[in-house]
Amino acid sequence: MLASLRAVSTVAHGTEARMHRRRYMDALDADYVIVDDYGYDYFPGPGVVGGLLRLGRGVELVGGALRRVKNSRERLGEDESMPLGDKVVVVVDVVVGVTSIVVGACDLAVAACESGLAGYGRRALGRFRGRFITASAGTGTKKNMVGRAVRSDHRKRTREKGEYDVQFHDLPEDVQCIVFSKLKLKEAVRTSVLSSKWKNTWTICPKVRFDGSEMCDAYSWVKHDTRQFINNVKEVLKPRHGMVVETLEIKIEFDRSLVDHLDNWISFAAASWTKNLALDLAPKRYGTSTERYMFPFELLGEETMSRLQQIQLSFVSFKLPSQFSGFPKLKRLDLFLLHVTRKDLQDMLSGCSKLEWLSIARCDLEDELIVDRPLPHLLYFRVEHCKMTKIKIKLHAENLRTYIYKGFELPVHTIQAHELKVADIAVTNFTDFEHALTVLPEMLTGVEKLTLQAPLELRSPELLKNSSKFAQLKHLKLLLNRPFIIDNILSLASFLRAASLIEDVEIHFDIDDLKNVKTRPLRNLPKCQYKHLRNIYITGFKGSPGQAELLVHAVENAPALEVITIDTSNRVGNHLSQNVGSTGARIARSCLEGKISPKTKLHIWSI
């Protein structure tokens with residue numbers, strides 16, 4: 001039934017749209033009319049209001065036509081016929097009037113069937129009030145073909161056929177949450193002034209983030225800003241008491257006056273079923289600050305600990321309670337500038353059996369890092385510039401995929417991770433090349449992609465003897481910081497020999513002074529086939545004998561080589577010393593001449 005009514009309404013509206021006309025207002029004295037434009041497009045679209053207006057207008061037109069016929073007969077008598085103009089006007093009025101009645105009836109029937117006449121009428125009346133004001137403001141005059149001024153409506157319709165008037169509150173709540181989650185907290189709270197309906201709409205977003213840097217000057221932080229931050233947090237959290245807040249993030253430089261308030265906010269998180277908790281209290285100059293916030297584990301309780309899935313702690317210290325039971329559902333843990341004993345950190349990590357992502361950066365661990373219990377779900381592990389009296393890491397994570405370490409020197413690792421695929425190692429202390437090539441393959445047995453950044457000490461130009469092997473290494477990236485012995489660069493070929501499955505080699509040199517490097521004939525190493533090597537990329541190529549020897553050795557022993565890219569500019573270290581680019585490019589071309597296959601693509605970039 002409803003589908004049939006909609007079809008009839010659509011046809012009726014199409015007919016109405018084709019029935020436009022404008023007539024000469026004083027047709028009684030003429031035998032013609034001007035058929036131009038009907039002038040009723042200010043009526044609303046399909047709906048109750050439009051239906052009622054069309055019914056009224058249709059009755060008015062039909063009644064006016066009947067009165068015109070009656071008046072004409074009384075004036076002219078029974079023997080005389082009506083002028084042609086009057087006849088046309090009567091016919092047009094009757095046809096258009098009947099059409100309007102039919103269209104209006106269809107609109108009322110469809111509206112009543114769709115959502116109930118009473119509720120639809122209230123909503124439609126509110127929309128019509130706005131349209132009536134707009135229509136009144138947009139109505140003007142223009143002249144017709146005979147020079148008479150007639151009314152004309154130039155207002156554009158606010159809704160086309162088939163469109164619906166959807167407001168923000170009509171959207172599903174999860175969509176509204178997504179919209180509010182894209183806004184900063186300050187912008188979301190500002191929406192409360194739009195109307196009474198919007199007063200608390202922003203509170204449906206389950207994520208709350210407070211950032212003190214957005215409330216003060218980027219280069220200053222004073223007591224007034226801290227007090228203002230505290231007051232803002234209170235005002236925002238007040239209407240949320242008793243509501244679920246899945247994510248609570250607080251970022252502010254730590255001050256002793258914040259301790260009680262931080263405790264209260266953590267208690268709020270415990271009462272609000274928070275799953276993701278972040279406290280970023282690091283000051284801009286944390287190197288001179290020693291006092292840290294003592295994280296109150298006792299305020300969380302076992303129920304909250306069993307619910308937390310993500311924790312980020314920055315510039316805090318903690319001591320675990322005696323009855324600590326762990327975080328059984330915790331998946332992500334990010335620790336930055338943490339002060340903790342080895343035993344407390346060990347006990348905490350041992351109680352996170354579901355952990356998938358672990359980052360420990362610039363933490364004072366006081367000792368080595370050891371996790372007794374296995375972490376079978378851990379996929380990502382990062383340790384960066386932590387203070388440890390013993391550079392030793394012991395971890396059992398059989399499904400670990402990515403490992404990142406940055407520190408003063410290579411650690412003594414005991415990481416059981418059979419699925420480890422990506423490793424990124426960066427050290428700042430001088431590192432003996434032979435030691436690195438012995439430790440890394442034993443520590444990263446199954447790694448496929450290795451990035452090593454270190455100032456390697458190359459003691460000999462020869463291949464290293466009895467070096468360990470990378471069983472699965474396919475992609476190697478070396479960032480060689482100064483100082484190293486330039487004349488012994490050829491020994492880096494030991495890395496290629498230690499990886500029989502190597503496919504891509506990327507080496508970034510940091511060389512800016514070749515004054516003390518003497519020109520000499522190139523040395524050769526014993527043949528060693530790199531059957532899978534397809535891509536060689538070298539930057540910082542200045543044309544030193546050691547660089548040329550390594551390049552020639554790799555090219556001559558790579559039968560499947562596809563691409564060689566030589567860049568004479570430095571991509572690491574000193575980027576200013578770029579005055580030997582043309583020399584490096586010339587030496588690269590000369591030493592590779594006649595040694596590469598016609599199928600191999602050679603790219604040499606010179607500045």
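The values are calculated or read from the model by the stated rules, or taken from the named source; none is laboratory data. Note that this is a predicted model, so its numbers are computed, not measured. With ideal geometry, Cβ positions are generated from the backbone for all residues, glycine too; neighbour counts draw on all protein chains shown. Side chains are part of the model used for accessible areas, which takes the heavy atoms of the whole protein and leaves out ligands, DNA and RNA. Shrake-Rupley method; radii C 1.70, N 1.55, O 1.52, S 1.80 Å.
Give me the residue from region 536-546 that is free of Cβ contacts under 8 Å to residues at least 60 places away in the same chain and over 9 Å from THR568 (Cβ atoms) and, out of that set, surrounded by the fewest Cβ atoms within 10 Å (Cβ to Cβ). Applying the filter and picking the extreme gives TYR537.
Give region 316-337 a look and list any residue that's farther than 21 Å from ALA270 by Cβ and open to solvent by less than 20 Å² (accessible area, probe 1.4 Å), or say none. Residue satisfying the conditions is LEU337 alone. For region 236-254, the set of residues classified as under 22 Å from LEU337 (Cα atoms), among the charged types (D, E, K, R) and open to solvent by less than 40 Å² (accessible area, probe 1.4 Å) is empty. GLY301 fulfils the conditions (1) closer than 30 Å to ASN231 by Cβ; (2) small (Gly, Ala, Ser); (3) modelled with pLDDT of 90 or more except for a single criterion, (3). When the residues of region 558-587 are filtered to those that are open to solvent by 30 Å² or more (accessible area, probe 1.4 Å), outside any loop (DSSP other than H, G, I, E, B) and among the polar types (S, T, N, Q), the one that is modelled with the highest pLDDT is THR583. Scanning region 266-308 for residues that are crowded, with 17+ Cβ neighbours inside 10 Å, part of a loop (DSSP other than H, G, I, E, B) and not aromatic (Phe, Trp, Tyr) gives SER272, THR274, LYS275, LEU281, ALA282, ARG292, LEU300, ARG307, LEU308. I'd like to verify a number: residues in region 388-406 that are surrounded by fewer than 19 Cβ atoms within 10 Å (Cβ to Cβ), at pLDDT 85 or above and within 19 Å of HIS339 (Cα to Cα), how many? Within region 388-406, residues that are surrounded by fewer than 19 Cβ atoms within 10 Å (Cβ to Cβ), at pLDDT 85 or above and within 19 Å of HIS339 (Cα to Cα) number 1. Within region 361-383, the presence of at least one residue that is assigned to a loop (DSSP other than H, G, I, E, B), open to solvent by 60 Å² or more (accessible area, probe 1.4 Å) and aliphatic (A, V, I, L, M) is confirmed. Checking each residue in region 31-76 for being modelled with pLDDT under 65 and hydrophobic (A, V, I, L, M, F, W, C) picks out VAL33, ILE34, VAL35, PHE43. Taking (1) open to solvent by 10 Å² or more (accessible area, probe 1.4 Å); (2) free of Cβ contacts under 8 Å to residues at least 60 places away in the same chain in turn, GLU462 satisfies each apart from (2). Among the residues of this structure, LEU258 does not count as one that is surrounded by 15 or more Cβ atoms within 10 Å (Cβ to Cβ), at pLDDT 90 or above and in contact with a strand residue (DSSP E or B) (Cβ under 6 Å, 6 or more places away or on another chain).
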